[in-house]
Structures are given as structure tokens and as C-alpha cells.
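> The structure that follows is given in the form of C-alpha cells.
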Amino acid sequence: MGLMKNAALMGVTAILVVFLPRCFQTPPPVITEGYVAPGFEDVLEAFKANFESGRDPRTGGAAFAAYHRGKKVVDIWGGFADYESKQKWRQDTISIFFSSTKGVASVCIAMLVDRGLLDYNKPVAHYWPEFAQKGKEKVTVKDMMEHKAGLAVSAPPGLSLDLLQDVAKAGELMARTEPQWEYDGHTHGYHGFTFGPLANELLRRVDPQHRTLGQFFKEEIAEPFGIDFHIGLPLESNHRVARLLVDRRPVLLQFLDSIGTSAGRQAVKHMIATNAMGEMLDNVNEMADRAIEVPSANGIGSAAGLAKLYGIISSGGIDPVTNRTLLSKEENRRFSEFRDGVTMFGHPGAGGQYGCADPGHQVGFAYVSSTMLPYLLGEDPRSNQLVQSLYRCVQKLEHL
């Protein structure tokens, strides 16, 4: 009996020692810094409210930036890049954007179209003959970029982070992968992971220097335009990366949401058969794996950097500071036009990341957080609150 009492006492003591102090811990302070232009003060208040309400956990960090009419009007950040070491989020902190990287990759493809090296209406196989395997010979570049290539899976069996380090081998695997439906030019299925190796190999085939998409982006966009974003992070930049608070649910949910479709069921099947997506989530805080180019999922940068890119696109494709052309006016217009008259371009990312260009209002913005929350793409209340606040400010200025 004495032994049982001692065991119970030890158990209660352990609980008190481990959990009781947490009940009396003071939550971390709300830390926000940065700049907002006159007229955009409400965006900063919305950013603070995310932390104060708990929508953005105070043990994580986030940043939001926006450009309007070619000028930076918001550049704010807050929280912690690494709470355990009490490292605050700084102006130069960078973090992973997940699927928001697809928008950046699409800009690279658009530049090649603008230069006459690619035609959206020609078959992918015109530039990449091996891609014609297993019924994909009619898939156009436009189809591939619009997720209509029939390769709507998280990753085909055999695709791993190790394989992705060799862009050519990853391209070979994609070329021989059987599509999930017979091509008709209409059926759509989100190419959540496969978009990356597809765009990477296509760009490598048509670029005169045969660069990878990450190299092309660095040399043609990031360096000349001063865009703080990377597809394949240099090892020397790792000290700036926020520690991601990983939650697999946001990524899994975006695929499970389409379980009612045959493509969605096929995606789940492939998620079970391969572990590429799981590998990336498990290793996202590993320096070596951040260096791997996955143009669909592992772009790493600052909110200010991505907002600047979209700010240039929203201003007509010309950087108003340097007068350097990113995209011609014609390609910028075509690039930004979608069905139903919508003229916005961008992409959300798992866990809450977001970046977008709105040429109609000449607005470019980006949000990034180190805390992944289980919302589907584009449904995160943190970024939604910030974007709504931003547009209220823009509308007030437009009506002055």
C-alpha cells in the first residue's frame, strides 16, 4: 500500500512540477515593428490584433507588406523567429511560403513567353519531347500552368527530396508518369507538388543557358530587382530563416478537401504511396533541405520581397524605382487576366502564406507566418483580416 501511495505521490508531484508553472506563466508580449505610410495605419492595427486575439500565436512570428502605385506602403513584422531562443522576428527574417511559390515560378515562365522562347498554346512536348508519353502529347504549356495536365497528385511514387536535387531526373519521372484522366483541355486538378518539377524541367529545356528555375529566378528577377526571395536557399542565408512551427494538417486538408473527386482520391492514394510531401514538412527546418529547389512548395523569402515582386506586376510590369522592365505591358496584361474578368494574380500557401498582385488597384501584397494553421488555401483569417484592412485603406485613398 505504501508503494502505491508513493507512486501516486510521485505522479501528482510530477504533474505539479511540469504543468502547474504553465498556469502562471505570463504570455509573451505582443511585439510588432515596421513601417506604414500615412493612410495605412489600420493595417498595423489589424496586424497587432492578430497577435492580441491569439489568431497569430505569440510564440510564433509573422510579417505583412504591401505596395500601392509602385511605392511600399506597409512593411511590418512581429513575434518571434525562434521563441525557444527568444530570437525576435526582424526586418530581414525570411520564412517558407509553401504553395505561394507557384506564383513566383509562374512569373519565371511568363518571362520566357515574353521573350518568345515559350508559347502558352503550344504542347509541352514541343519543348520537352519526352513529356508526350502516356497520352500527354496534347497538353499545352497553358494547360500545365493551369493544373490541367492530369498530374494532380501530391507526388508520384519515386519522387523524393533526394531525387528533386537532380532536376533532370525529376523531369524524367514526371515525363513517364501516367496522367490521372484522359486529356480534354478542361478537367482541372490541383498539381500541389508536381507543379514544381514540371515547371522546373520545362524552363530548363527552353532557357538558352539551361538554368534551373531557381537559378533563373535568382539571376533574372531576385538580383536585378532586389527581391528578397529564394527557390533553393543558399546555405549562408539560413541564419535568417524563422523556425517553422510545423503542423501537417494544413497541407493534408488541401488535398482531402477534394476527396469527392476522382483526382482527389488519386492524390490521397499517392500521398500514401510516397512520402515526398511528408519529407518536406519533416525536414523544413533542416538547412540542407531548404537548398533543394521545389518551385511548387519551398520558396523562402520575406513578405517585403514577395510584395515588391507583385508590386512591380501590379504597376504594369516595370519597376518604378529603377525603370527596369520585368514583363512587357502586353505580357503583364495577359499574365494577369483570368476568366470572369478577374485581374488579380497570385497564390496562397499552406499554413496561411499569401501573395498577390492586383493591377486594377495597383496593389501588391504578401503575408508570411512561421505558425502553420489548419486552414485551406486562401481561408486563413490572419491574412484575410490584413488584406481586408489594406483594401479599406486603398479605397479611402482612391476616393479622396
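> Among TRP128, VAL74, TRP89, whose Cα projects farthest towards the positive end of the dipole of the stretch 25-156, with charges put on the beta-carbon of Lys, Arg (+1) and Asp, Glu (-1)?
Of the options given, the answer is TRP128.
> Now for a separate question. Cβ under 13 Å from PHE217's Cβ, PHE217 left aside: what net charge do those residues give with Lys, Arg +1 and Asp, Glu -1?
-2
> Here's another thing I want to ask about it. Quick one: what are the phi-derived ³J(HN,Hα) couplings along the stretch 358-370, Karplus 6.51/-1.76/1.60 with θ = phi - 60°, whole Hz, x for glycine and proline?
Result, ordered by residue: 10, x, x, 10, 6, 10, x, 8, 7, 10, 9, 9, 7 Hz.
> Below 11 angstrom from the Cβ of LEU173, what's the summed charge of the other residues (Lys, Arg +1; Asp, Glu -1)?
Taking every Cβ under 11 Å from that of LEU173, the sum is -2.
> Spelling out what I want: for every residue of the stretch 215-226, take phi, set θ = phi - 60°, compute 6.51 cos²θ - 1.76 cosθ + 1.60 (Karplus), and round to whole Hz; glycine and proline get x.
Values, residue by residue: 5, 4, 4, 4, 7, 9, 10, 4, 6, x, 9, x Hz.
> Would you please give the residues with an amide H less than 5 Å from that of LYS88, counting only those at least 5 places away or on a separate chain, with H modeled from the backbone geometry?
It is ALA81, by chain and number.
> Straight-line reach from LYS308: which lysines have a Cα under 27 Å away, not including same-chain ones fewer than 8 places off?
LYS48, LYS71, LYS72, LYS88, LYS102, LYS142, LYS218, LYS329, LYS396
> Using modelled amide H (1.01 Å from N, peptide plane; none on Pro or chain starts), what sits under 5 Å from the amide H of ALA152, excluding residues fewer than 5 places away?
Amide H neighbours of ALA152: GLN180.
> Could you derive backbone 3J(HN,Hα) for the stretch 317-334 from the dihedral phi with the Karplus parameters 6.51, -1.76 and 1.60 (θ = phi - 60°), listing whole Hz in sequence and x where the residue is Gly or Pro?
x, 10, 5, x, 7, 9, 6, 7, 8, 8, 9, 5, 4, 5, 5, 4, 5, 5
The numbers here are math on the coordinates, done by the rules we state, and not lab data. None of these values were measured; they are calculated from a predicted model. For neighbour counting, all protein chains shown are included, and Cβ atoms are generated from backbone atoms with ideal geometry for every residue, glycine included.
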